[in-house]
Amino acid sequence: MADAASDIFAALAHPTRRQILQDLKDGELAAGEIAARFNATGPTISRHLSVLRQAGLVTERRDANRILYSLVGERLALSVGDFLSTVCPEQIVLREVRKRTPSRPSTRTPKAAKTSEA
C-alpha cells in the first residue's frame with residue numbers, strides 16, 4: 001500500500017497532472033482533447049497521462065483510432081482519505097481547532113429575534 005500511495009502522491013505532484021484530473025471529473029476525454037487544453041507537446045501530455053495511468057488514477061480505452069481517458073475518482077478519494085486519516089485523524093483536528101478558537105459567549109442576535117423585530 002505504501003508504494004501505491006507514493007505513486008499516487010508523485011502523480012499528484014505536478015500541476016499539469018492535477019489539471020488533467022480536474023478536466024476528467026466530468027467524464028472521459030480523448031488524448032487529443034486533453035492535449036489541446038495545454039501549452040505542451042503531445043508527447044509531454046502522453047507522459048503525464050502515463051504517470052496517471054500507472055498510479056491507477058485514470059483508465060484508458062481505445063475507440064477506433066482514439067484513446068479515451070477516464071478518472072478513477074474512487075482510488076484518488078480512498079488514497080488521499082487513507083493518508084489524511086493516518087496523519088490527521090478527526091479528533092486531532094477538532095482538538096487543535098478548539099485550542100486555537102477562544103471560547104467566548106456569542107454576542108450575535110439570533111436570526112429568529114432579528115426577523116421578529118423587522
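Numbers at a glance
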item	result
Residue in region 2-20 that is surrounded by 15 or more Cβ atoms within 10 Å (Cβ to Cβ), β-branched (Val, Ile, Thr) and under 14 Å from residue 77 (Cα atoms) present	yes
Total residues in region 54-68, condition surrounded by 11 or more Cβ atoms within 10 Å (Cβ to Cβ) and in contact with a strand residue (DSSP E or B) (Cβ under 6 Å, 6 or more places away or on another chain)	6
Residue match in region 78-86 (condition: surrounded by 10 or more Cβ atoms within 10 Å (Cβ to Cβ) and either at pLDDT below 55 or aromatic (Phe, Trp, Tyr) (or both))	yes
Any chance residue 40 is touching a Leu at 6+ places or on another chain (Cβ under 6 Å), surrounded by fewer than 18 Cβ atoms within 10 Å (Cβ to Cβ) and more than 18 Å from residue 75 (Cα to Cα)	no
Unmet requirement for residue 33, which otherwise passes all of (1) within 16 Å of the chain's Cα centre (by Cα); (2) surrounded by 13 or more Cβ atoms within 10 Å (Cβ to Cβ); (3) among the acidic types (Asp, Glu)	(1)
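The rows are residues; the columns are (1) at pLDDT 95 or above; (2) more than 18 Å from residue 7 (Cα to Cα).
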residue: 24; (1), (2): yes, yes
residue: 28; (1), (2): yes, yes
residue: 38; (1), (2): yes, yes
residue: 44; (1), (2): yes, yes
residue: 57; (1), (2): yes, no
residue: 69; (1), (2): yes, yes
residue: 91; (1), (2): no, yes
residue: 102; (1), (2): no, yes
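The values are calculated or read from the model by the stated rules, or taken from the named source; none is laboratory data. Since the structure is predicted, the reported quantities are computational estimates derived from the model, not experimental observations. Note that each Cβ is placed from the backbone with ideal geometry, even for glycine, and that neighbours are counted across all protein chains shown.
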